[in-house]
1. With the checklist (1) in a strand (DSSP E or B); (2) crowded, with 21+ Cβ neighbours inside 10 Å in hand, flag the one item A:M48 doesn't pass.
2. Specify the residue that is nearest to A:P44 (Cα to Cα); the eligible residues are those in region B:39-57 that are at the interface with chain A (Cβ under 10 Å from one of its Cβ atoms) and in contact (Cβ under 8 Å) with a residue 24 or more places away in the chain.
3. From the list A:L74, A:L88, pick out the single residue that is within 13 Å of another protein chain (Cβ to nearest Cβ) and under 13 Å from the mean Cα position of the chain (by Cα).
4. Got at least one residue in region B:29-40 being at negative phi, surrounded by fewer than 17 Cβ atoms within 10 Å (Cβ to Cβ) and in contact with a Lys or Arg (Cβ under 9 Å, 6 or more places away or on another chain)?
5. Across region A:60-112, what is the number of residues that are in a loop (DSSP other than H, G, I, E, B) and closer than 21 Å to A:G41 by Cβ?
6. Which residue, of B:L90, B:L81, B:L67, B:L76, is more than 14 Å from chain A (Cβ to nearest Cβ), crowded, with 19+ Cβ neighbours inside 10 Å and in a strand (DSSP E or B)?
7. Out of the residues in region A:8-29 that are surrounded by 16 or more Cβ atoms within 10 Å (Cβ to Cβ) and more than 12 Å from A:N66 (Cα to Cα), state the one that is nearest to the chain's Cα centre (by Cα).
8. Considering only region A:94-110, state which residues are surrounded by fewer than 20 Cβ atoms within 10 Å (Cβ to Cβ), out of contact with any Ser or Thr (no Cβ under 6 Å at 6 or more places or on another chain) and more than 9 Å from chain B (Cβ to nearest Cβ).
Amino acid sequence: QKEVEQNSGPLSVPEGAIASLNCTYSDRGSQSFFWYRQYSGKSPELIMFIYSNGDKEDGRFTAQLNKASQYVSLLIRDSQPSDSATYLCAARGKTSYDKVIFGPGTSLSVIP
Amino acid sequence: ETGVTQSPTHLIKTRGQQVTLRCSSQSGHNTVSWYQQALGQGPQFIFQYYREEENGRGNFPPRFSGLQFPNYSSELNVNALELDDSALYLCASSEGGRSYEQYFGPGTRLTVT
């Protein structure tokens, strides 16, 4: 059973701090990894994707991938109250036709 | 917004009934995936359609079926509804082999009573 695991949280950080969200996956064949943000009652919104080991930065967001450890993380710098949401980690196999497996999500609360 | 639309927004059905949910993919996207998201859980993959053919299926029974049309819009059909089918149903579209990203529609909230 291919799985993606995340801490359910809630993770609480003060405004302006760095939020660190972690994810592990069980299928070593997974090649592409995604972070989605989901506000309550809304659909998931793609934040970033990463498929190479190392870091990928986009504005206040940095995704990190370590395939040897089967570990993906998302760092949110200068956290804002508007970042309060559930963050979903997802993994996919070699091709874009492979199914995407989602983790259960981590709830983040940014305290003003 | 992503350009992916779903209808209806909300739906209430009785156990044993059948339901059809609809999804229009983003312009230029030929792949549609359907997901079921129960409250407090991550989306669970139901199946994926590429150019009108199902090319991947998750652990869902055969009473969950789908179609993709020549314009790449899609339907999800669920027969013999059960109480546990109550969930948010999401469709996501992508360019298939050319893109890593898939974009979600707003979802359909199905309640089975």
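1. A:M48 satisfies all of (1) in a strand (DSSP E or B); (2) crowded, with 21+ Cβ neighbours inside 10 Å except (2).
2. So, considering only residues that are at the interface with chain A (Cβ under 10 Å from one of its Cβ atoms) and in contact (Cβ under 8 Å) with a residue 24 or more places away in the chain, the one nearest to A:P44 (Cα to Cα) is B:P43.
3. A:L88
4. Looking for residues that are at negative phi, surrounded by fewer than 17 Cβ atoms within 10 Å (Cβ to Cβ) and in contact with a Lys or Arg (Cβ under 9 Å, 6 or more places away or on another chain), one finds none in region B:29-40, hence no.
5. Adding up the residues that qualify gives 5.
6. Only one candidate passes the filter, namely B:L76.
7. Per the stated criteria, the residue is A:L21.
8. Hit for region A:94-110 is A:K94, nothing else.
Values quoted throughout were computed directly from the atomic coordinates according to the rules given, and no laboratory measurement underlies them. The model shown is predicted, which means the values in this text are computed figures rather than measured ones. Every residue, glycine among them, receives a Cβ derived from its backbone with ideal geometry; neighbour counts consider all protein chains shown.
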